[in-house]
DNA sequence: CGCTGGATTGACTCGGATCAAGTCGAGTGG
DNA sequence: CCACTCGACTTGATCCGAGTCAATCCAGCG
């Protein structure tokens, strides 16, 4: 059976058969969880490492006034920080978005894995750096891009990540995110997300309906004539 | 002589004399750089690890349209990612803000350090997790806080971090950031930053002038009566 | 003593939030 | 099979926070 975690790490380094077997053994035990189920909550004491094998999850924080901000989406193959247990308590929560299959890897199993298979350790470190880069991109979007650019940028990012774990078919990916959660991710209102999505749709850039995202023109550079002030993406900035 | 890097790591774990000697030897060679000097630029191939020993620096990205977004401030004791060299190229730039003393630690020296002194490795991992948490907080600020809250929150964060490396005296820290760079960090305009700072000042929350920041009421909870919609900070959210 | 990079301040505009109704589709129970 | 409900999506009208444009001020400095 395909293991997206293995696929993802193979995108970073070459893994031998032994590495793969080790990874598969470590992620063997998995639970199936319903949507909107917290894997761990802000304030909780960190436990084992989570690896998403199927479905989607997200990291988020809730402000005292109830507003929520999503800071990352986890799709199959993604996992939480590997040294997570070194912190006294979680600074954010992680919740499933859809029904999801999640493997948990104990601290000791994870340590064994990284010691026994240096390539796995290397891949995990690279993965962490990439995640950190994504956080920075996210900040750039929030701070300096218009709402239309933000939406377009996120769609492209998710599209590319999905293609990395083989989730693309005919320029289309499954995107099981409600407009509410998109709003919480992009720091805007569901109402406004809706209008922006429609505009991008009528303008012919993309199409998001019934959980399916079609990117008609994933080309970074110019696109969409002058209808939108500037390109949704730019080189070197996933 | 005081080494802020040692001070910072000691805040995470207990370090023995040997650990400290090792750290000091590794950061022995340092350069003094002028303000606005790029340590490394987006697109460059990563090299040695940087450690800021004195002065301030920041991480930032520039969009194709010229807009800039600062994603982190580095103060004495802070360093860039330790596995930075695993990436093919930098996804962001790092630049000094003030005149700064910066040590560079080669990959091999860093590997030796982490292998020889497990406590140092542990502290570095914790440090990385904390930095990542800061990025998430930053995203929350950008997405879900009003400009006034954002400013107040950043000031409190910097205040607390400065106090961690012994930079506080009489509720005051040195904050050598122009309103322009604050704007680039908070995703707003220098003009608007200015107005917000004044409001926070007249309201009696803080005072920032001539590079000195005074936080009059660093208390997380309520403060400032009803003049500001809500508290600038909240527990567990530095 | 004029130049230059911040810091200030005012007038005006506009992108998104807010408020308020609908609409549509998948269940659910009678 | 139909009425009812509940969640997600749409759409319009209105308001306001923050950006934009444009001066002005001020201190350090060649």
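Taking the label point 7 Å along Cα→Cβ, residue A:24 and its counterparts in the other copies are spaced 5.3 nm apart, in ascending order.
Taken as Cα centroids, the stretch A:45-110 and the stretch B:139-199 sit 29 Å apart, rounded to the nearest whole angstrom. When the alpha carbon coordinates of the protein assembly as shown are projected onto the principal axes, the ranges are 60, 52, 39 Å, largest first.
What shape does the stretch B:1-92 have by the C-alpha gyration tensor, where a ≥ b ≥ c are the square roots of the eigenvalues, rounded means a/c under 1.5, and otherwise prolate means a/b greater than b/c and oblate the rest? Judged from the Cα gyration tensor, the stretch B:1-92 comes out prolate (a/c at least 1.5, a/b above b/c).
Work out the mean other chain Cβ neighbour count within 10 Å for the residues of A:60-69 and drop it here as an integer.
Working: counts 2, 9, 2, 9, 8, 7, 0, 4, 3, 9.
What the average comes to for A:60-69 is 5.
Determine one quarter of the surface area of the Cα convex hull of chain A, which equals its mean projected area, and express it in nm² to one decimal. Each step should come with its number before you reach the end.
Details: hull surface 53.0 nm².
For chain A, the mean projected area of the Cα convex hull comes to 13.3 nm².
Take each residue of peptide B:82-88, count the partner chain Cβ atoms within 10 Å of its Cβ, and average: the result is 4.
Only alpha carbons enter this Debye calculation for the stretch B:78-121, each as an equal point scatterer, and the log10 of I(q)/I(0) it gives at q = 0.23 Å⁻¹ is -0.97. A point 7 Å from Cα along Cα→Cβ stands in for residue B:41, and the other copies hold the same point at 4.9 nm, listed in rising order. Taking the C-alpha atoms only, the angle from helix A:118-144 to the longest principal axis of chain A is near 30 degrees.
Mean residue ellipticity at 222 nm from the helices of chain B, using -39,500 (n - 2.57) per DSSP H segment of n ≥ 4 over the full residue count, to the nearest 500 deg cm²/dmol?
Details: 7 runs with 93 residues, N = 238.
Theoretical 222 nm ellipticity from helices: -12500 deg cm²/dmol.
Across the copies of the chain, residue A:207 has label points (7 Å from Cα along Cα→Cβ) spaced 6.3 nm apart, shortest distance listed first. Using Cα pairs under 8 angstrom and six or more residues apart, how large is the relative contact order of the stretch B:4-136, in percent? Answer for the stretch B:4-136 is 36 percent.
Taken together, the values in this text are just the output of simple stated rules run on the coordinates, not laboratory data. Fair warning: this is a prediction, and the values are worked out from it, not measured in the lab. All Cβ positions, even for glycine, are placed from backbone atoms using ideal geometry, and neighbour counts span all protein chains on display.
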